[in-house]
Amino acid sequence: MLRVAGLPTRLGAALMLSAALGAGLLLSGCNTNPEDTTSVAEGEAMKVGELLYNVQITRYLNPSDPEDKAYLTGQPALSPNQYYLGVFMQIQNESGSAQPVPARFTVTDTEGHKFKPIQSHSLFALKLGGNVAGDGALPVPESTAADGPIQGSMVLFRITGSAIEARPLTLDIPSTTGSAGHVELDI
């Protein structure tokens with residue numbers, strides 16, 4: 001007979017069955033094959049072309065915050081109603097040959113406003129238009145971005161306050177070999 005920490009047998013069995021069903025439902029909702037989709041939520045992997053993308057975290061960056069200053073190296077002061085948005089990701093090249101990193105990521109709000117990445121000189125920045133080595137990854141292991149607190153490369157955007165109101169924001173990842181990818185940002 002099944003016994004759970006002093007609970008009557010039937011109640012213990014019912015609780016264990018409920019927990020197992022709940023776990024099954026949670027796991028069934030997970031993106032288990034990143035090649036099967038071109039639209040995911042932040043934190044889920046998605047394959048676009050030969051590259052596997054995982055947006056780890058998206059956050060507003062504050063130029064006055066000591067940690068954020070390293071992400072905003074060389075960036076000008078913002079105009080009123082503007083905000084810096086950092087999208088941090090890891091990229092894995094699943095092919096044996098070098099693959100290009102897109103130069104034209106975009107963030108789109110629910111009203112259709114699009115924001116292009118801005119040039120960044122930060123050691124944490126993803127080199128837009130660069131390459132990922134065959135069977136390699138970005139950030140490169142033991143680089144500043146890989147060893148940093150987020151352990152991801154940053155794509156930097158300057159967005160408006162109206163975009164903050166028109167959430168969720170979506171990161172659009174272009175592809176040279178097929179369908180583009182879309183990541184709903186958790187911001």
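Go through the stretch 95-105 and count every residue that is crowded, with 18+ Cβ neighbours inside 10 Å and either farther than 20 Å from Leu52 by Cβ or of a type in the set (A, V, I, L, M, F, W, C) (or both).
The first filter runs over the stretch 95-105 and keeps only residues crowded, with 18+ Cβ neighbours inside 10 Å, leaving 99, 101-102, 105.
Filter again for either farther than 20 Å from Leu52 by Cβ or of a type in the set (A, V, I, L, M, F, W, C) (or both), leaving 101, 105.
Within the stretch 95-105, residues that are crowded, with 18+ Cβ neighbours inside 10 Å and either farther than 20 Å from Leu52 by Cβ or of a type in the set (A, V, I, L, M, F, W, C) (or both) number 2.
Name every residue in the stretch 150-178 that is of a type in the set (A, V, I, L, M) and touching a helix residue (DSSP H, G or I) at 6+ places or on another chain (Cβ under 9 Å), in order of residue number.
If the condition is that a residue be of a type in the set (A, V, I, L, M) and touching a helix residue (DSSP H, G or I) at 6+ places or on another chain (Cβ under 9 Å), then Met154, Leu169 are the ones that fit.
We did not get these values from a lab; they are worked out from the coordinates using the rules stated. Note that the structure is a prediction, hence the values are computed from the model and not measured. Here Cβ is always computed from backbone atoms with ideal geometry, including for glycine, and neighbour counts include all displayed protein chains.
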